Structures are given as structure tokens and as C-alpha cells.
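Engineer: My questions all concern the structure below.
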Amino acid sequence: MRHGPPPDLAATEESLAQQVKSTPTAHNWERLGLVRHLRNEYESAIPAFREAIRLNAGLWTSHLFLGICLYRTNQFDAALRSLETADRLAPAQTAGRDDLEFWLAATQIALKRPLNGLVILERLLRRNPRHTDALELSVRTAADAATAAWNRVAESAFQTAAGYEVHGHALESEGNRAGAAAAFRRSKEMDARRAGPGLALGRLLLLDGKSAEALTVLRNEISLPTSDPQAFYYAGLAAVQTGNLAEAKPWLEFASRWSSRNPEAPLALAQVYLGVNEVENAVRAARQAVDQMPSSAAAHELLVGALSQAGRTSEAEAERRRWTQRP
């Protein structure tokens, strides 16, 4: 059942509609289009973005959201033209480029051009190897527009290492973990030096309780020059689960350098430090986990425990007070 939009968005739209009447700038038209887009009012957002572009043809964000709205209303050819324009205008380094390339790929797939979509996904993955959310959303969106496209591609055109990796994520998003694992294995067989499918396979093996097999796969993955820090995190977990704490420690230390991407890494590292009796290091890692996840009961308990073991009772009490006084 579809729920109505939040009242604040409705009020914002009404206010912006008045603004474009009094001050019809490209910026105001774009803001109105964005609010309508957020309310899933794609058809009414389209003329707002078109007016913004008429007033400022270089406004790449309006081209992007116009393309998304055209996609959402099944106007795929027009969507592709808008997205390609946004692609030409957008800076090479911008936070919105992942979204732009995702929608370009999804539109190519909707137009039954899966290889073109795969090329764009490959470019996205090279820059951001673990853009799993985008891949899963791509599968769901493509399924809405052309359900059979992924099946045909998987049987024929995706006979590449990159193709099998994308197909593996598609199968995983459908709940088919066994099929996904087979696809990731096939990707590795086709290109053993490709980073990504080994991480995905190792993560699935851990979920299935196959820690020793996961450790073998992930050891290989982290040996690759372009491996993702997430691979070190999962390799560390696999090493912990198989009792290899000495091996787990440097891997989790490495993963913790990117804790903003995975706040669980310092939490796991603190547990390893306690396991090898490096209490002060455990305190440091646990503090990092609390900083990243201030509402995590596990991080809180681990920090209190590490501080207590280190004899830092006043700091442990301070952490307990923080926990009880948190919002």
C-alpha cells in the first residue's frame, strides 16, 4: 500500500511553487523538481527540471534528475539523452557520479542493451568496487523495466568475469546464495586477478558458516593489489572464527583505517586485542568503535570491559554515565 507523502514535503512544494512564480530562477525550478521527485511525483517534476535546464543548460544535476524521472515514467530513450548530457557536464570527481552511472546503466538495460549497461557498471565498480547497494538497486530497477533482460544476458552476453560478478550480486539480491556463490566462483575462474568476486564469495561462505573455506578465499583476495579494505575485514573475521588471532590482527588493523566505511572493523579488532592480551590497544580500538557507533551496546560493553581490564576505572565509569545519559 502506498502511503501519502510527508506533510512537510507537501508544504515545501507549495512554498517553492510560489517562489518560482515570483523568482523563476533555474535554481528555484530545480528545487521544485527535486521536491516533486522526492514525493514520487515524477510526471510533474519533469517540466520543473526542463524549465531549470531552459534557464541554465549547464545545470548537470537537473539533467540527471530529469533523466531519472523520465526513466521512472518509462520514457527510456528520452531518459538516456538526459543522462548522457549529465554525464558530459558533470565534473569527473563528484559525489553524484556513482548515482549518475548507475542510472545510465539501468537505462541501457531497460533499453535491452545489457552490454552497454555492463560497461558502465564496470566503470562504476573500478572506482567504487563495493557499490553493492547500486548493483542490487540496478537489478530491481531493471526487473521492473525488463524482467527477462538479466536472464538473457546471464545466458549469453555476460560471459565475462565482470558479467558473472554482476550476475552473482543479482542472484544474491534474489535470495539465491548458492547460485550467487557459483557465479562469483566462475568470475574468479575467468580472471583470477580480478578484485571483488573473491570478497563477495568469502562473505557468503562466512554467512553459511564455512569459515575455513572463506579464509582460503579471502587470503587470496587480500593478496590482490586492488583489493577493497572490506576484504581485510572479512578475512579478519574468518581468521578469528578459525582461531587464527595472530593472522586476524594485522588484517583488522588495516580494515579499521577505513572505519567510516565499516564501523564494525574496530569493534572486531578490539576483541582480537583482548584475545591476545593487548589491553591498551583494545581500549584504543574500542574507543574508535564507540566514536563510530555511539549507540552500539556491543561497542559500549567492549570499551567498559577493556577499560576495566586496564585498571582505568574512572574512565569506565565515565563511559557508563555516557551510556545511561545518551539521547
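The values are calculated or read from the model by the stated rules, or taken from the named source; none is laboratory data. These numbers come from a predicted model, not from an experiment. Here Cβ is always computed from backbone atoms with ideal geometry, including for glycine, and neighbour counts include all displayed protein chains. What goes into the accessible areas is simple: the full protein's heavy atoms, side chains included, and nothing from ligands, DNA or RNA. Shrake-Rupley method; radii C 1.70, N 1.55, O 1.52, S 1.80 Å.
Engineer: Accessible area of segment 1-102 with a 1.4 Å probe: how many percent of it is carbon plus sulfur?
Structural biologist: Working: 2890 of 5530 Å².
Carbon and sulfur: 52 percent of the exposed surface of segment 1-102.
Engineer: Quote to one decimal, in nm, the extra length available between D191 and A297 on full extension: 0.36 nm per residue of separation minus the C-alpha distance between them.
Structural biologist: Stretched out fully, the D191 to A297 stretch lengthens by 34.0 nm.
Engineer: Rounded to a whole number, what % of the accessible area of segment 240-327 do carbon and sulfur atoms account for, probe 1.4 Å?
Structural biologist: Working: 2240 of 4610 Å².
That fraction is 49 percent.
Engineer: Among L274, L252, G209, flag the residue with its Cα farthest along the positive direction of the charge dipole of the chain, charges on Cβ as +1 for Lys/Arg and -1 for Asp/Glu.
Structural biologist: It is L252, whose Cα lies furthest towards the positive end.
Engineer: Bin width 10 Å, origin at 0, all Cα-Cα pairs of segment 266-312: what percent of pairs per bin?
Structural biologist: Per 10 Å bin, starting at 0, the Cα pair percentages come out as 38, 56, 7.
Engineer: Take the Cα pairs of the chain, get the Kirkwood Rh, then feed it into Stokes-Einstein at 20 °C and 1.002 mPa s and tell me D in µm²/s.
Structural biologist: 95 µm²/s
Engineer: Sticking with this one: Dividing the alpha-carbon Rg of segment 171-327 by 2.2 N^0.38 Å yields what?
Structural biologist: With N residues counted in segment 171-327, Rg over 2.2 N^0.38 Å equals 1.16.
Engineer: With a point put 7 Å past each Cα toward its Cβ, work out how far T23 is from N116 in nm, to one decimal.
Structural biologist: Simple spin-label model gives 4.0 nm for this pair.
Engineer: Okay, moving on. Per residue, how much accessible surface does the chain expose to a 1.4 Å probe? Answer in Å², no decimals.
Structural biologist: 48 Å²
Engineer: Right, something else. Select from L224, L204, L237 the residue whose mean-square fluctuation is largest in a Gaussian network model of the chain (Cα-Cα springs shorter than 10 Å).
Structural biologist: Sorting by GNM fluctuation, first place goes to L224.
Engineer: First check a/c for segment 203-296, with a ≥ b ≥ c the square roots of the eigenvalues of its C-alpha gyration tensor; if it is under 1.5, answer rounded, and if not, answer prolate when a/b is larger than b/c or oblate otherwise.
Structural biologist: In terms of gyration-tensor shape, prolate.
Engineer: Here's a follow-up. If you average 1/r across every pair of different Cα atoms in segment 27-103 and take the reciprocal, what Kirkwood value do you get, in Å? Show your work: numbers first, answer last.
Structural biologist: Values: mean 1/r = 0.0836 Å⁻¹.
It works out to 12.0 Å.
Engineer: Compute the distance from the alpha-carbon center of segment 13-33 to that of segment 269-324, in whole Å.
Structural biologist: For segment 13-33 versus segment 269-324, the Cα centre distance is 50 Å.
Engineer: Mind listing the phi-derived Karplus ³J(HN,Hα) values for segment 102-110, rounded to whole Hz, using 6.51, -1.76 and 1.60 with θ = phi - 60°, and x for any glycine or proline?
Structural biologist: 4, 5, 4, 5, 4, 5, 4, 5, 4
Engineer: Sticking with this structure for a sec: Find how much the distance from R127 to T324 grows on full extension, using 0.36 nm per residue of separation minus their present alpha carbon separation; answer in nm with one decimal.
Structural biologist: In short, 66.8 nm is gained.
Engineer: Gain in length, V276 to S15, computed as 0.36 nm per residue apart minus the alpha-carbon separation, to one decimal in nm?
Structural biologist: 87.9 nm
Engineer: Another one. So, by mean Cβ neighbours within 10 angstrom, what's the order for 26-38, 312-324 with the highest one leading?
Structural biologist: 26-38, 312-324
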